[in-house]
Each structure stands twice: as C-alpha cells, then as structure tokens.
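Data block below; observations after.
The values are calculated or read from the model by the stated rules, or taken from the named source; none is laboratory data. Because the structure is a prediction, the values reported are computed rather than measured. Ideal geometry is used to build each Cβ from the backbone, glycine not excepted, and the neighbour counts take in all protein chains shown. Calculation scope for accessible area: heavy atoms of the full protein, side chains included, ligands and nucleic acids excluded. Shrake-Rupley method; radii C 1.70, N 1.55, O 1.52, S 1.80 Å.
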Amino acid sequence: MAAEALLDFRRRKDDFFASGRGPVRGAALESFTGLSYYPPDEELIFELPLLRSAGDSVTLDTSTGETRQMAEFATVTVPFPDGAQTLTLYAQPGEDAPQSLFLPFRDATSGSESYGAGRYLDAPVTELAGGEGVRLDFNLAYHPYCAYGDGWTCPLPPAQNWLKVAVRAGEKLA
C-alpha cells in the first residue's frame, strides 16, 4: 500500500473509532484523538510464497480464557531486515480457499512499544509466479479490540508466532 493510501486508511480508521462504533468507549472515547502509529516502512511489505499446512484444527487461547478454533493454513518465511522468521497463518475451520488469512503475532515491541498480548495482520492471498502466495504489509498491523477495553475476546498469538525481531510498523502504544 502506498504511503498516501496508508495514511488515508489510518485517518478513516481513526474517524471510525472516534464515531463510537469501534472498541473505544466511555471517558477514553471523549478524549480520543486518534491511534498511534509507526511511520510507514516500505521494507516491511512482503509478497511471499505459502507453504500449505495440513489444515489441522488448532485451539488458540484468548484474552478471556476461552478458546478459539482455527485451521493452520500455511507457513511463510518473512525476510525481516533483522533476520528471517517463519510464521503460521490461520483460516476459519473448513475454509479451503480463503481470500485472506489471519496472522496473530508478538514481536520485540510487545509490551513496551505495542500491545503486550500482540498484534494482528490480515493477509490477502495472492497469486505469485510460482503459485499461491500472501501479501504481508506490516504497516497494517493492528491491536486487537481487547487492547482498548474489557468485553472483547481476542485470540492470543501462539508461541510459534512470537518473533525475536522488532516489527516497528502498524499500530503502537501512545
């Protein structure tokens, strides 16, 4: 996503949250002036081939202690500037050809610069020259709704998606 389009996306998200239709409520909504974001970083946009998984159903823990069933759809190796990392991407159970995959992750910024429980990324499935791929634009990484208040159930990133590198892109703490 070009920087101008990314900034427009962020403005529209801030407007949505400010309208009271997002997860920000009460006194926090009254003083809400927008989310905090890292500056756009073109080096954190990747189009990568998918290594399909068996599609096994897995149980992800959530912020409320409940569990959420997901299907392990694929893995992808991301060539971050600080070192390559392999991540697992998820789909809804029974979804054989999703248009987008779910990537919950934690990184070295979790708990200090970004939400402690981790962030999410929606990853569109694409067709690459060598076959099926995915677009990972970490500039679109976002905090789950449970970061903004109680009453939300948010899947927690599994241990295999805990990155040793810092991903300074997307939403951050104020």
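Annotations
- Set 118, 149: member being of a type in the set (Gly, Ala, Ser) and over 23 Å from residue 50 (Cβ atoms): 149
- So residue 72, is it part of a strand (DSSP E or B) and either at positive phi or at pLDDT below 95 (or both): no
- Evaluation of residue 15 against the conditions (1) farther than 22 Å from residue 78 by Cβ; (2) touching a Pro at 6+ places or on another chain (Cβ under 9 Å) shows that the sole unmet condition is (2).
- Just one of the numbered conditions (1) of a type in the set (S, T, N, Q); (2) within 21 Å of residue 156 (Cβ to Cβ); (3) touching a strand residue (DSSP E or B) at 6+ places or on another chain (Cβ under 8 Å) is not true of residue 64: (3).
- Checking 52, 25, 12 one by one, the residue that is without any contact (Cβ under 8 Å) to a residue 12 or more places away in the chain, of a type in the set (D, E, K, R) and open to solvent by 50 Å² or more (accessible area, probe 1.4 Å) is 12 and no other.
- Counting only strands (runs of 3 or more DSSP E) that fall entirely inside the range 75-174 and contain at least 3 residues that are surrounded by 14 or more Cβ atoms within 10 Å (Cβ to Cβ) and charged (D, E, K, R), the qualifying elements are 131-137.
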